[in-house]
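Read the structure below first, then the notes.
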Amino acid sequence: MSRLSLALAALSLCALACLGGCASLHPDLSPETPPEATTETKTAEEIPGKPVITFEPASTPAGSLAEQQGSNVRANQDSSGRDQNETTIAINPTNTSNIIGGANDARLGSWAAGYYISHDGGQTFSDGTMPFTKYANQGDPVVAFCGDGTALFAYLDYIAAWQPHRLIVSRSTDGGDTWLAPGTVYEGSIPFADKPWLACAPDGGSFANRAYISWTHFSGGGVIRSAWSSDHGVTWQGAKNLSGAGVQGSVPAAGRNGLAYVFWHAGGSIQFAKSTNGGGSWSSATSAASITSIGDTDFRRNSFPTVGLDISGGSYDGHVYVAWSDQRNGDPDILFTRSTDGGTTWADPIRVNDDSLGNGRDQFFPWMAVDDHGIIHLMWHDRRGDSNNKKMHIYIASSRDGGVSFDRNLRVTDLDSDGASTGFLGDYAAIAAQGGKIVPLWSDLRAGSGEEDVYIEVEEAFDYDIVSGLSFAEDKQTVSFEDQEPRLGNAIVYDLILGDVGELSSASPWANTVCWSEDLNAPPAVVTELPDPGQALYVIIRAQGPRGNGSFGSGSSHPDPRDGLDAAPPCS
C-alpha cells in the first residue's frame, strides 16, 4: 500500500460519485497540471455534468454538482409568465444529441402547441409554437421519432370542445428546426378528438417507420380510436374503434414487423388491443391489470397508463410493460406489470416507489421509456418529502432485469413544486431514453407564483447496479455510501478502490489504482493513511452481486472510460 502516500490529501480530497455505480471522471476533463505540481483543488465547476464532492480544510462537504449549481434545464424560453403543461419528449435514434420536447403552451395568451428543440443533448434549447393553425387554440401535443430519424408532432387545432377542430400531424427531417405542412387524422365537430398519442416503428423490416396514433373519440361516451400512416404522417388510414365507451388516456407502442399495441384506462382496469399487421386489424379489447384509480387533490389527476415495448434486440426483446398510479394501498403509488408473451399473460403488479407503504404521500403521473439496451426507465411526481402532501419532486427508477425489480428511486429535481399553487398541471408528464441518456421532461412550479414552466434533466443510463450517496465524514477518512442490499436482496459486496487524481489525464488512468478494501459487506469503510499535503485522491466504489462481478459497465455496450479498470481490476 505504498501508493497511499499519494492518495488522500491533507489539504483537499475529491470524492467523485456517479449515479451509475462509481466515482468517475473522463480523462479529457481532467486538469492538465497534476496535483503534485500545485496546491489548487479541482472543483465541481471544472467538471461540467459530473457530480463531485469537494472537501477543504475545516469545511463541510460542498454536496453534489446538482445541489451546488442545479442540473435541471428550463426548456421553454419565453418570459411571458404563462403556463406550459402536459409534456412530451423524444430522442432522435439516429442522433441522440437531438431532443425534441413539447407541451401545451400559453405564451401567446391562448393555448398553443409548444415545441422545445435541443441539438446538444439537452444542455440548451430553442423553442416556438407550431405554425399550422386553422383555429384559435392548439393543444395535447405529442412528439415521436421514427426509426429513420424523422420527427412527428401531433396536436389538436380547435375552437373548443364539441366545436370545429382537427387532429393533425406535422413532420420534420432536420431535428425540429423546420416543420412541414401537416397531415390530417380527423376533422369535425362531433365526435370530439381528445388526448392523442403517437408511436413510430423502428427502421428496418416490414412496416418500417410506420406511425400509429390513438385518441379518444367523444360522442355520447368516449371510445379509443386508432389510425396508421406509412408516409411519416402525410396521410392516415385504417381509422377504427378499439374499445367500448367510457374510456380515456390511450397510449400506443410500436414494434417491428407490424407489431403495435394501444393501452387505455377503463375505470377499474387497464385494457389494450394488439395488432400484428401494422394496424390493419386489431384484437378485441383485453385487460392487462385490475386497478384502483386515484382521485384528484389540488389538481386533476388520473390513473392513465404509460407503456413501454422492448425493441432492443436483447434478452427482453418483445416484452411489453405498463405502469399507472394506483390507490389500492391507501395513497397513490406507482404500480408496474409486464408481459413476456405478447400480452397473453401479465405478471402480478409490483410497487415501484420505495417510500414507506401507506405513508399518505402521493406518487402520480408516471411515464415510461425503454431504451435501446432494454433498460426500463420510469419517472413520476412524488410527494414523499412533504408531511403536508403538497410539495413534490420528480423521481426516476430503472429496471435492468426486464421489470422483475427496480433500482432504488432517485430524485432528479433541484427544487420542489407546491401542488397547491395550481389547479391544473396537465394529465401526464414525459420521459425518453436512448443512447445512454435518460431524459425526463415535466411541468414545474418552482417559480412560486403558480406559473408552470417545463424543465428537463439529462441523466446517464448505465447497465450496471447503482451505487449512490458516496461521501466522506468530517474526519475525511470514513467513506459512506448507500447500501444496495435492501434493493437487490442478497449477496452484495463492495470494493473500495483508490487512485491518484493526477493520473486521470494519463493514457492509462487506472494503471496504478489501489485496492483499499476488498469484499466489504456494507458501508462505511475507513481509509487510515493520509498522503502528503497537496495530493488528491479519487475514490471508486464497485458493487458486486447477483448481476455479476465487476462494476463500471461490465457487460455494458455503453462506452465508458472505466472499461480499462474492468479488464484489470485491482481487487481479486
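The values are calculated or read from the model by the stated rules, or taken from the named source; none is laboratory data. Values in this document were obtained by computation on a predicted structure and should not be read as measured data. Glycine gets a Cβ as well: all are built from the backbone with ideal geometry, and neighbour counts include every protein chain shown.
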Open item on the list: Tell me whether the range 184-196 contains one or more residues that are in contact with a Pro (Cβ under 7 Å, 6 or more places away or on another chain) and surrounded by fewer than 21 Cβ atoms within 10 Å (Cβ to Cβ).
Closed with: yes
TODO: Confirm whether PHE304 is under 18 Å from LYS390 (Cα atoms) and either touching a helix residue (DSSP H, G or I) at 6+ places or on another chain (Cβ under 8 Å) or at pLDDT 95 or above (or both).
DONE: no
Task: strands (runs of 3 or more DSSP E) lying entirely in the range 206-267 (those with 1 or more residues that are at positive phi) - done: 237-241, 248-254
Task: Long-range neighbours under 6 Å by Cβ, at least six apart or interchain, first residue under 30 Å from ILE91 (Cβ atoms) within the range 354-371, second basic (Lys, Arg) and surrounded by 24 or more Cβ atoms within 10 Å (Cβ to Cβ) - done: ASP362/ARG383
Task: Complete set of residues in the range 238-258 that are free of Cβ contacts under 8 Å to residues at least 40 places away in the same chain and either surrounded by fewer than 20 Cβ atoms within 10 Å (Cβ to Cβ) or within 16 Å of ILE311 (Cβ to Cβ) (or both) - done: ASN241, ALA245, GLY246
- [ ] Could you please find all residues in the range 520-540 being in a loop (DSSP other than H, G, I, E, B), at pLDDT 80 or above and surrounded by 14 or more Cβ atoms within 10 Å (Cβ to Cβ)?
- [x] PRO523, PRO524, VAL527
- [ ] Please go through the range 492-519 and pick out each residue that is surrounded by fewer than 21 Cβ atoms within 10 Å (Cβ to Cβ) and assigned to a strand (DSSP E or B).
- [x] VAL493, VAL514, CYS515, SER517, GLU518, ASP519
- [ ] Take the range 192-243 and flag every residue that is within 21 Å of GLN138 (Cβ to Cβ) and at pLDDT below 95.
- [x] PHE218, GLY222
Open item on the list: Taking the condition of being more than 24 Å from SER230 (Cα to Cα), at pLDDT 95 or above and not in a strand (DSSP E or B), how many residues in the range 134-161 meet it?
Closed with: 4
TODO: Output the number of residues of the range 133-158 satisfying the condition of being surrounded by fewer than 18 Cβ atoms within 10 Å (Cβ to Cβ) and either of a type in the set (Val, Ile, Thr) or within 14 Å of SER172 (Cβ to Cβ) (or both).
DONE: 3
TODO: Would you check which residues across the range 372-397 are surrounded by fewer than 24 Cβ atoms within 10 Å (Cβ to Cβ) and either assigned to a loop (DSSP other than H, G, I, E, B) or in contact with a Phe, Trp or Tyr (Cβ under 7 Å, 6 or more places away or on another chain) (or both) and list them?
DONE: ASP372, HIS373, GLY374, ARG384, GLY385, ASP386, SER387, ASN388, ASN389, LYS390, ALA397
Open item on the list: So, in the range 114-133, how many residues would count as being of a type outside the set (Val, Ile, Thr) and in a strand (DSSP E or B)?
Closed with: 7
Open item on the list: What's the total number of residues in the range 261-308 that are of a type in the set (Phe, Trp, Tyr) and surrounded by fewer than 19 Cβ atoms within 10 Å (Cβ to Cβ)?
Closed with: 1
TODO: Can you give me the number of residues within the range 73-109 that are of a type in the set (D, E, K, R) and not in a loop (DSSP other than H, G, I, E, B)?
DONE: 3
